[in-house]
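Attaching a single structure in structure tokens format; questions to follow.
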Amino acid sequence: MYKEVLTNSKSYRYLKGSIFLLVMIVCSNVFGQTELLFDAQKLCNEKKYEQAIPLLEKVIIDPTTKNDPASWHIRSYAYLQTYKQSGPANTAKIYMLDTAMSSAIKSIQLDTAKSYVENNNAFIKNGAATYYKISTILLQDSLNNVKSEELFLKYKQYTTVVNPSFDFKQKDIEYYNATGGFFADMYMKHNFNQKYGDVAKTALLKVLDIDNKNISANINLGILYYNQGATLMQMMDYDVDLAQLDVIQENAKKLFKQSLPFMIKVYELDPKAERALESLQGIYSALLDEEKANEFKQKKEALKKQ
Amino acid sequence: MFLYNFTKLFDWPEKMKSGSFIIQIVGSNPSLTQELNKMATSKQVGNQKLEIKTTTAIDPSIKPHIIYLLNESSDLLKDASSKYKGNGTLIVTEKPGLAKQGAAINFVVADNKQAFEYSKNNAVKGGLKTGDGLNGLAIVVD
């Protein structure tokens, strides 16, 4: 009854027209966005990735294509390639790499048919490797350890997406040893700038948290603490009074003592490590323990004769 | 650093307040000598220029304000004590026990730090005046 009334009414005719119009718009829109996706893909095939991006930005917000894993997959690819075209390790455009990674992850989430999983994983793997590369470059080029570590953590985050059971132990050691060694060097080269020394210490202690037998981290920490103590002594002004002198000596002594266990560890791990023998001689000498200093001096000389 | 502090904490007789302020090192310690020479280029004692002299024995031609007998020259302490008695020379040594044998200042190592024993009696015997400023900072032996 209701249907009959409605069918015969003016309202129905109007509504029928409206639905037809809506269907037309939707069809045209679906066609339009699909076409945009197609065009974007075509541009990508022609390596015109940057031109593809504005099209893909429309595709990923349109209700008809935003849930299509292909949209996000192509977007990931376009951003990844645009980033690569921007030059090696371009830190100013790192947001492109971020977008590429988040798009690949979104594509994976939508891709219930697993049609793009292999390529998405390849993108993420590629992006993760790029994050790692930039993180190491940032250390040396701009001394930006905070940004560098941020990118290193992204490398870990995205590597975990591809390989959830990946063991980062060696990579952590490699990265934090590189940071520690580099900043320890900067500490020396920049007039014992405490800021660099602190960065080095934090990084090297992270290495020892993972592997307390790591020789490189132990040596660098030992040398770092020793140098900090030696710097305190060397920077003393001639006019410093005896009371201040005692305080400075006390602080330097603490640093020398802090350096000792790291060097002893290296010596225990490798009794023929000449650097450890030489450093132990220096540390004991700084602690005014000439007997011990001589002991390591003799060990060093005996090693040289071998 | 210690030696320069001593120049401020002792008062030398008037006759020693002209010419260069002489620190004599008896024995060989090149790094110490180098450091003292470096200090002498930028510091002076009152109006007196610092002059560092290195010898292997007590040299009668030198009238030092401070004579520093390095460990290897410790045997010369007795001679130094008698030669410089009342002359205005601070005798400094670096072998355990020497503050009780004539040195006014004797460097020792205490708790992994450089410290020094102080004998006010020996300083006075050397012709120097001093207050109690050193007492809280030194290992006082008398």
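Restricting to the range B:55-99, count the residues that are part of a helix (DSSP H, G or I) and not polar (S, T, N, Q).
Residues in the range B:55-99 being part of a helix (DSSP H, G or I) and not polar (S, T, N, Q): 10 in total.
For A:GLN234, only one of the following conditions fails: (1) of a type in the set (S, T, N, Q); (2) surrounded by fewer than 16 Cβ atoms within 10 Å (Cβ to Cβ); (3) closer than 30 Å to A:ASP167 by Cα. What is its number?
(3)
Can you confirm whether B:ILE105 is under 29 Å from B:ASP142 (Cα atoms), open to solvent by less than 30 Å² (accessible area, probe 1.4 Å), within 14 Å of the chain's Cα centre (by Cα) and within 14 Å of chain A (Cβ to nearest Cβ)?
In short, yes.
Right, another one. Give the residue that is nearest to the other protein chains (Cβ to nearest Cβ), with candidates limited to residues of the range B:111-132 that are open to solvent by less than 50 Å² (accessible area, probe 1.4 Å) and closer than 15 Å to B:PHE2 by Cα.
B:LYS113
Here is a check on your reading of the model: is B:ASN5 touching a helix residue (DSSP H, G or I) at 6+ places or on another chain (Cβ under 6 Å) and within 14 Å of another protein chain (Cβ to nearest Cβ)?
Answer is yes for this residue.
Tell me which residues, restricted to the range B:30-48, are part of a loop (DSSP other than H, G, I, E, B) and either under 17 Å from A:MET236 (Cα atoms) or at pLDDT 95 or above (or both).
Hit for the range B:30-48 is B:LYS43, nothing else.
List the helices (runs of 4 or more DSSP H) inside the range A:1-82, counting only whole elements, that have at least 3 residues being modelled with pLDDT of 50 or more.
Ranges flagged: A:10-45, A:49-59.
Return the residue satisfying two criteria in turn: it lies in the range A:67-88 and is loosely packed, with under 15 Cβ neighbours inside 10 Å and of a type outside the set (S, T, N, Q), and of such residues it is farthest from A:CYS44 (Cα to Cα).
Residue satisfying both the conditions and the ranking: A:PRO88.
Here's another thing I want to ask about it. Pick out the one residue from B:LEU36, B:LEU50 that is within 14 Å of another protein chain (Cβ to nearest Cβ), in contact with a Lys or Arg (Cβ under 7 Å, 6 or more places away or on another chain) and open to solvent by less than 40 Å² (accessible area, probe 1.4 Å).
The match here is B:LEU50.
Restricting attention to the range A:256-276, report how many residues are surrounded by 15 or more Cβ atoms within 10 Å (Cβ to Cβ) and at pLDDT 95 or above.
Total meeting the criteria: 11.
Is the range B:103-111 home to any residue that is of a type in the set (Asp, Glu) and modelled with pLDDT of 95 or more?
Scanning the range B:103-111 turns up no residue that is of a type in the set (Asp, Glu) and modelled with pLDDT of 95 or more.
Now for a different question. For a quick check of your reading of the model, give me the residue pairs whose first member lies in the range B:83-112 and is farther than 17 Å from B:GLY127 by Cα, whose second is open to solvent by 40 Å² or more (accessible area, probe 1.4 Å) and assigned to a strand (DSSP E or B), with beta-carbon atoms closer than 8 Å and at least 6 apart or on different chains.
B:PHE107/B:GLN114; B:VAL108/B:ILE139; B:ALA110/B:ILE139
While we're here: Run B:LYS43 past the list (1) more than 15 Å from the chain's Cα centre (by Cα); (2) away from chain A (no Cβ under 14 Å); (3) open to solvent by less than 60 Å² (accessible area, probe 1.4 Å) and report the number of the one that doesn't hold.
(2)
The values are calculated or read from the model by the stated rules, or taken from the named source; none is laboratory data. Every value quoted in this text rests on a predicted model; they were computed, and no experiment measured them. Don't worry about glycine lacking a Cβ; one is built from the backbone with ideal geometry, like all the others, and counts go over all protein chains shown. Areas reflect the complete protein model, heavy atoms only, side chains present, ligands, DNA and RNA absent. Shrake-Rupley method; radii C 1.70, N 1.55, O 1.52, S 1.80 Å.
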